[in-house]
Amino acid sequence: MFLKSPKSRIILALDTPDREQSLHVMDQCRDAVDAIKLNYPLVLQEGLSFIGELKKKYDLPIIADFKIADVPVTNNRIVRLAKNAGVDAVMVHGFIGPDAIMEVKEVAGDDMGVFVVTELTHPGGLEFTRPHAKQFAEMAAYLGCYGIQAPGTRPEQIRVMRETVGPDMKIIACGIGAQGGTLQAAIEAGADFGIIGRSIYEADDPREAAMSLARSCAEEPDVVKDVSVVRYCSETESYTLRVEPAREIREILKRFIGYCQSRRIGLTLHHDGGILLRKGKNIIHIYNDGRCLLSNISSVAEGEELARRWLEEIRSDMNNL
Ligand SMILES: O=C(O)c1cc(=O)[nH]c(=O)n1[C@@H]1O[C@H](COP(=O)(O)O)[C@@H](O)[C@H]1O
C-alpha cells in the first residue's frame, strides 16, 4: 500500500522542534529516507496544516505517530482529523483492544495504513507492554492491520514478532541509534524499516548520517547464518552438517522447495520432511522451514564453502525467475 519497496529502510522520526528546523533537515534528507514519522510535539507546535505542507514539498509517505489510545468514538475523531490533514498511516496502541482498533481501521479505509504498537523501547516497556506484545501482534494480524511497531532495541523480540505476524505484514522498529538499536540488526531480525530520529536530525550532516545508516544494511546479507556439526563418521571420515541459512535465504529456500517439487527435481520427502537433492557426492536435505542438512562432507570448511556457494546460486537463480 503506502510504503513502497524500501530504498533506505529508514523512516525519519522528524521530532525537530519547529517548522524551520524540520524543513532544514528535510531539505537535506528528502531522498535519503523512505518515509516521515511525525509525533505529537511537532504537530502540537506547528498544527495539522504542517502535515500537508510537508507532503506537498517532499512527496514522502507520512506516518502520524499519535499512538491513539482512546475509546472508539474519540479514536474515530482523531483519525478523521489525521486523514483530512493528509496523513498516510497512523499508529495506535495495541492495549485498546480489537473494537477500538477496528474503529481506527474503518475510518482509515483502504488509503491509510494502521500500525499497532506492540512494545515500547524504554525499560518500562518491558514491564507492561512486553507481556502482551505477542497478543497485540496476533490481534493486529487477525484484524488485517497494515503493520506493527516493534522495539529496535531488542532484535530478538522483532524476531518473535516476525514469526507471529508472518512474512507480509510490515514491521517498523524504533529505538535505532540514539536508544542503542542498530538498523542492520533490526532488519536482519525481520523488520522492514527502522524509525530513526536523533541520530539523523541531530547529526552535523543529517543527509550523510541517513545515507551511512542506509549503507549499513545495504550490503547483501551473508547467506549462511550458522554451520554446525551433527555427526562425524570415522569409517567414511565424513561429516553431516546442519546449515542455518540467513532469514531472507530461508524464505527463498521455501520457494525453491516448491519450485523443485513442481518440476520433480530431487526427491520429495513425506509431508513436512522437505526435499532431498544430490550435488556431486554430497546429499543436501532442505527442510520445509528452510534449514538444511549436508551429508558426506569431508571437512567443516568444505561444508561451509559448499553451503555458501550453493545458497548464493539459489538466491540468484530464484531472484531471476
Ligand atoms: O512508536 C514509536 O515510534 C516509538 C515507540 C517506542 O517504543 N519507542 C520510540 O522511541 N518511539 C518513537 O520513535 C522515535 C525515536 O526517536 P529517536 O530515539 O530520536 O531515534 C520517537 O519519535 C519516539 O517517540
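Only the coordinates and a few stated rules stand behind these numbers; no lab work does. Predicted model only: the values in this text are computed from it and were never measured. Cβ atoms come from the backbone with ideal geometry, glycine included; neighbour counts cover every protein chain shown.
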Quiz item: What lysines could a cross-link reach from LYS225, if we take a straight Cα to Cα line under 19 Å and drop same-chain neighbours fewer than 8 places away?
Solution: LYS254
Exercise. Let me know the volume per residue of the alpha-carbon convex hull for region 224-320, in Å³.
Key: 93 Å³
Quiz item: Hey, if you put +1 on the Cβ of every Lys and Arg and -1 on every Asp and Glu Cβ in region 224-320, which of GLY258, LEU277, VAL300 ends up farthest toward the positive end of that dipole?
Solution: GLY258
Quiz item: Say we join alpha carbon atoms closer than 10 Å with springs in a Gaussian network model of the chain; which of GLY197, GLY94, GLY290 then has the biggest fluctuation?
Solution: GLY290
Quiz item: Given the options VAL107, VAL229, VAL92, which has the most mean-square fluctuation in a GNM of the chain, springs set between C-alpha atoms less than 10 angstrom apart?
Solution: VAL229
Exercise. Take ASP111, project a point 7 Å from its Cα along the Cβ direction, then tell me which residues of region 1-24 have their backbone nitrogen under 20 Å from it.
Key: 1-4
Quiz prompt | Top positive-direction residue, dipole computed over the chain with Cβ charges, set LEU48, ASN76, TYR287 | solution = TYR287
Quiz prompt | Selected from GLY197, SER238, PRO6, residue furthest toward positive end of dipole (the chain; charges at beta carbon) | solution = SER238
Quiz item: Looking at region 250-287, which trypsin sites (Lys or Arg not before Pro) are DSSP coil and have at most 11 other C-beta atoms within 10 Å of their C-beta?
Solution: ARG263, ARG264, LYS281
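Output the pairs from LYS55/LYS170; LYS67/LYS105; LYS7/LYS37; LYS4/LYS55; LYS7/LYS170 with a Cα-Cα distance over 19 Å in this structure; if there are none, say none. Don't skip to the end; give the middle numbers.
Numbers: LYS55/LYS170 22 Å; LYS67/LYS105 14 Å; LYS7/LYS37 16 Å; LYS4/LYS55 16 Å; LYS7/LYS170 15 Å.
As for pairs spanning more than 19 Å Cα to Cα, those are LYS55/LYS170.
Note down the relative contact order for region 164-321 as a percent, whole number, built from C-alpha pairs under 8 angstrom at least six residues apart.
Details: 216 pairs, mean separation 27.6, N = 158.
Normalised by residue count, the contact order of region 164-321 is 17 percent.
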Quiz item: Kirkwood Rh, Cα Rg: Rg to Rh for region 10-216?
Solution: 0.95
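So how strong a dipole does the chain carry about its Cα centre when Lys and Arg Cβ are +1 and Asp and Glu Cβ are -1, to the nearest 20 debye? Please list the in-between numbers first.
Numbers: 39 positive and 46 negative charges, 164 e Å.
Taking the Cα centre of the chain as origin, the dipole is about 780 debye.
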Exercise. Under a 10 Å cutoff between Cα atoms, tell me which one of HIS270, HIS24, HIS285 has the largest fluctuation in the Gaussian network model of the chain.
Key: HIS270
Exercise. Please sort 184-191, 26-33 by packing, taking for each peptide the average over its residues of neighbouring beta carbons within 10 angstrom, highest first.
Key: 184-191, 26-33
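Taking each pair of distinct Cα atoms in region 172-257 once, what is the resulting Kirkwood hydrodynamic radius in Å? Could you put the intermediate results ahead of the total?
Values: mean 1/r = 0.0642 Å⁻¹.
Roughly 15.6 Å, rounded to one decimal.
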Quiz item: Any idea what the relative contact order of region 118-239 is, in percent, if you count C-alpha pairs under 8 Å spaced at least 6 apart?
Solution: 17 percent
Quiz item: What is the distance, in nm, between label points placed 7 Å from the Cα along the Cα-to-Cβ direction at ASP226 and at MET318?
Solution: 2.0 nm
Quiz prompt | Proximal aspartates and glutamates relative to LYS57, as straight alpha-carbon distance under 14 Å, when same-chain residues fewer than 8 apart are discounted | solution = GLU20, ASP27, ASP31
Self-check item: Calculated FRET efficiency for the pair GLN179/GLN135, C-beta based, R₀ 30 Å, to 0.05
Solution: 0.80
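Taking the Cα centre as origin and putting +1 on Lys and Arg beta-carbons and -1 on Asp and Glu beta-carbons, what dipole magnitude results for region 224-320, to the nearest 20 debye?
Details: 16 positive and 14 negative charges, 71 e Å.
It works out to roughly 340 debye.
If you take the beta carbon distance between GLU302 and LEU267 as r and set R0 to 25 Å, what does 1/(1 + (r/R0)^6) give as a FRET efficiency, to the nearest 0.05? Mind showing how you got there, number by number?
Values: r = 23 Å, r/R0 = 0.92.
That pair, GLU302 with LEU267, gives E of 0.60.
Counting DSSP beta bridges in the chain, what percent are antiparallel, to the nearest 5?
45 percent
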Quiz prompt | Separation of alpha-carbon centers, region 101-170 and region 75-95, rounded to whole Å | solution = 16 Å
